[in-house]
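J.: Please read through the structure below; I'll follow up with questions.
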Amino acid sequence: MIVPGPTPTPSSTPTPTATPTPVVSYDQVFDFTRDRSFRAIGARLQTTTPSGSSTLQIQNSLQPNDSTILISYAAATQMIAFRYEGEQSTVPRTPAIRNDGEIAWLQGRTATTRAETVVLSRVDLQNKYVIFGGFNSTDDGSSTSSAPSAVLDVRRIALVGSPTFATDIPTTGAVTFSPVMRSFLQTPTRLRLLAQGSVATMRVDYVARTVSATLPFEETGNDASVPPERGTLTFTGTLNSITNEISGTITSVDGSQTGTFSGKLFGPQGLEIGFVFTLSRSSDGARGIGQVIGRR
């Protein structure tokens, strides 16, 4: 006869271990006590003045690909290297000029080099995760030719910062930002500045993935005989939450100017935002570039 043994006690199911939430951290940008390196998106404005001619040739372009723009800083030498689509700054090893919220490297034209300026600038002391970058050069060709054929002036701008990780971009709600704009507009006869007006708005809807901004401006220049012109730029675009890429179009309220822009969110939970853009005006052939940075 078979005697049944005791019923085995079932083993308990182990409690699964919770997966830890990844910790996301962001470097503050305006810290140049150590070596730094940034990839950036930008825009470029080129003005060519042929020798013996007062007619300017103007070109502008947008660069939304951050693999082509690199800004590197070496703390030991205080040297900056600004590479934009194969063009490289050659600012010598001289101490940077430091002001509150801004660092500049300057090089005057010599027999063998062109004049160059590289500037990194904060909007204000509250901005932490994205700043303005600029690399300007002027070359009259005399360093490479005894008979220069043209003067070439190039302005390159970039957004230098710590982009928001895709996993850290909010998925609900909508937020507004306080924006600041810097922009240059080259007309066939003179360089003009687009200074931001007092009532500006910027908004991101994380559910609809839309971006919008309304930026009043005043167009001014060094020529006091030319009165300021006022207008408003309207930005309309979309946010790709997978790549953290913002893109869209620009129109002025009066329809005289059009353009395109590219941008990103920066810092934890998209605390800050930045655009770079190009502008065109059909009435006089003017071309422009600009930067916008906002903080919630």
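J.: I need the semi-axes of the equivalent ellipsoid of the chain: take the C-alpha gyration tensor, multiply each eigenvalue by 5, square-root it, list largest first in whole angstrom. Present the calculation step by step, with values, prior to reporting the outcome.
T.: Numbers: eigenvalues 448, 127, 53 Å².
Equivalent ellipsoid semi-axes, largest first: 47, 25, 16 Å.
J.: So, one more: Would you mind putting 170-181, 151-162 in packing order, based on average other-beta-carbon counts within 10 Å, highest first?
T.: Per-residue mean Cβ counts within 10 Å order the peptides as 151-162, 170-181.
J.: So how compact is segment 224-296: Cα radius of gyration and Dmax in angstrom?
T.: So, for segment 224-296, Rg and Dmax equal 14.5, 50 Å respectively.
J.: With θ set to phi - 60°, apply the Karplus curve 6.51 cos²θ - 1.76 cosθ + 1.60 along segment 180-197 and write out the HN-Hα couplings as whole Hz, x wherever there is a Gly or Pro.
T.: Per residue, the Karplus-derived 3J(HN,Hα) values read 10, 10, 10, 8, 10, 10, 9, 8, x, 10, 7, 8, 10, 10, 9, 8, 5, x Hz.
J.: May I pose another question? Excluding residue 174 itself, what net charge comes from residues whose Cβ is under 10 Å from its Cβ, given Lys and Arg +1 and Asp and Glu -1?
T.: My count for the surroundings of residue 174 gives 0.
J.: Tell me, what ³J(HN,Hα) does each residue in segment 128-137 have, in order and in whole Hz, if you take phi through Karplus 6.51 cos²θ - 1.76 cosθ + 1.60 with θ = phi - 60° and put x for Gly and Pro?
T.: 10, 10, 8, 9, 7, x, x, 9, 10, 9
J.: Sticking with this structure for a sec: Near residue 155, within a Cβ-to-Cβ distance under 15 Å, what is the net charge of the other residues, with Lys and Arg +1 and Asp and Glu -1?
T.: +2
J.: Taking 8 Å as the Cα distance limit and 6 or more residues as the minimum spacing, I'd like the relative contact order of the chain as a percentage.
T.: 17 percent.
Read the figures in this text as sums done on the coordinates, not as results from a lab. Worth saying up front: this structure is predicted, and the values here are computed from it rather than measured. Don't worry about glycine lacking a Cβ; one is built from the backbone with ideal geometry, like all the others, and counts go over all protein chains shown.
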